[in-house]
Amino acid sequence: MTPRHACLACVESAGVSGAGLMLTGGLRSPEPVCATDSRAAEIEEVQATLGQGPGTDALQSGRPILVGDLRAPMSTRRWPMFAAEAGRLGIGAMYSLPLALGAIRVGVLDLYNDTPEHLNQDRLVGALVYADTALLLVLDAQSGIPTPADGDHPDALGPVLWHAHVHQAANMISAQLGVSPLEALARLRAYSYAHRQRLTDVARAVVDRRLRLPAQEPEPAGDQGVRGRG
């Protein structure tokens, strides 16, 4: 299963027309990484280029931005250039779900609908689950960690990523290595996988300053414990 598969599953579950995933590299503008179709890919590129749109606002605020009608006056005033491009592409509604772990905002999952329509609570909850799944798959893809073909995520990782120590460790690694929070999370996950350690244990070692991740990502090293460092 890939991030694009998660997007396709989300489209089917939420009953929308398309989806796109954008990730941020820290201070840089978000960049499109996958889309369910060419039209979703184009509107994601437009949003990234213009620096305006529901996805951009969702990423900046950390809150879902649900726009039932992109043609409404409020939408055209808020995102004039983006709303015009969305209309040109035949997109009537957009629902942007931020991808974040605690205070670390790493991207946004954008859902598109051909016709103006509000997303009800049940479909929103389902979409948020797929947004989380897409983020986990992106982390594993960046970490070089294989995901089982049946789509089951390894190690029941989902709840672990929301642990406070993981957020803190990722922020520390980001500052120490000069990388984006997303890359810091990927490196933390890769180190945990390579050393066959629980992610929370590795994160605690980083926070307690018993471990400092190397500048280069580790190679799998068999059964090793977390090595403390002063």
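The values are calculated or read from the model by the stated rules, or taken from the named source; none is laboratory data. As the structure is a computational prediction, the values presented were derived from the model and not from experiment. So basically every Cβ, Gly included, is an ideal-geometry build from the backbone, and we count neighbours across all protein chains shown.
Among the residues here, residue 148 qualifies as over 18 Å from the mean Cα position of the chain (by Cα), modelled with pLDDT under 85 and outside the structural domain of residue 105 (by TED's automatic domain parsing). Can you confirm whether segment 203-218 contains a residue that is more than 25 Å from residue 105 (Cβ to Cβ), at pLDDT below 80, assigned to a loop (DSSP other than H, G, I, E, B) and of a type in the set (S, T, N, Q)? Yes, segment 203-218 contains a residue that is more than 25 Å from residue 105 (Cβ to Cβ), at pLDDT below 80, assigned to a loop (DSSP other than H, G, I, E, B) and of a type in the set (S, T, N, Q). Being without any contact (Cβ under 8 Å) to a residue 24 or more places away in the chain and surrounded by fewer than 16 Cβ atoms within 10 Å (Cβ to Cβ) is a property that does not hold for residue 71.
Please verify whether segment 118-137 includes one or more residues that are of a type in the set (Ser, Thr, Tyr) and in contact with a strand residue (DSSP E or B) (Cβ under 6 Å, 6 or more places away or on another chain). Within segment 118-137, none of the residues are of a type in the set (Ser, Thr, Tyr) and in contact with a strand residue (DSSP E or B) (Cβ under 6 Å, 6 or more places away or on another chain).
Please tell me if residue 87 is surrounded by fewer than 19 Cβ atoms within 10 Å (Cβ to Cβ) and on the phi > 0 side of the Ramachandran plot.
no
Kindly check whether there is at least one residue in segment 158-174 that is among the small types (Gly, Ala, Ser) and at pLDDT below 75. Scanning segment 158-174, I find at least one residue that is among the small types (Gly, Ala, Ser) and at pLDDT below 75, so the answer is yes.
One line per residue, one yes/no per condition, for (1) touching a residue at least 12 places away in the same chain (Cβ under 8 Å); (2) under 15 Å from the mean Cα position of the chain (by Cα):
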residue	(1), (2)
14	yes, no
34	yes, yes
76	no, no
83	yes, no
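Residues that are buried (at least 24 other Cβ atoms within 10 Å of the Cβ) and of a type in the set (A, V, I, L, M, F, W, C) do occur in segment 43-56.
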